[in-house]
């Protein structure tokens, strides 16, 4: 099953009951949560294009499925600790806006799913270094 399906199903399973419990359920919020679950993975695209040196969609999708199957972590900006820190600061500055709060929770849930999958497959925490912009840039440029 492709990763975006996994994230979509898990987002629905977790967030529909949460929204119902909080009495804030709406189709707009569900669509927003689902869209963000897909959009957060768009940061994979530049890596795949760079790695393959092509924008051929079918080649990119084939490579993306191989990477998912092998579960090789890479640096993706929307999957970093620093991204979520900046997101949290924006959330604080917007007085914990409901929409941003749901997007933050969805993103953290996404990160938790990716991390759990990696741990189950590899039984290690090697993915952690790829989830930090600071580590990535120091390793690459220092």
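Points to keep in mind about this one:
- Among residues of region 81-110, those that are over 18 Å from residue 15 (Cβ atoms) and either modelled with pLDDT under 95 or surrounded by fewer than 17 Cβ atoms within 10 Å (Cβ to Cβ) (or both), counted: 11
- Residues in region 1-27 that are over 16 Å from residue 107 (Cα atoms) and loosely packed, with under 14 Cβ neighbours inside 10 Å: 1, 2, 17, 20, 21, 22, 23, 24, 26, 27.
- Within region 113-128, the residues that satisfy the criterion of being without any contact (Cβ under 8 Å) to a residue 24 or more places away in the chain and either closer than 16 Å to residue 75 by Cα or crowded, with 17+ Cβ neighbours inside 10 Å (or both) are 115, 125, 128.
- Close Cβ contacts (under 7 Å, 6 or more residues apart or on different chains) running from residues in region 28-50 that are surrounded by fewer than 16 Cβ atoms within 10 Å (Cβ to Cβ) to residues that are assigned to a helix (DSSP H, G or I) and modelled with pLDDT under 90 comprise 38/4.
- Residue 17 being within 18 Å of residue 76 (Cβ to Cβ) and either in contact (Cβ under 8 Å) with a residue 12 or more places away in the chain or assigned to a helix (DSSP H, G or I) (or both): no
The values are calculated or read from the model by the stated rules, or taken from the named source; none is laboratory data. Keep in mind that what you see is a predicted model, and the values were worked out from it rather than measured. When we count neighbours, we look across all protein chains shown, and the Cβ atoms used for this are built from the backbone with ideal geometry, even at glycine.
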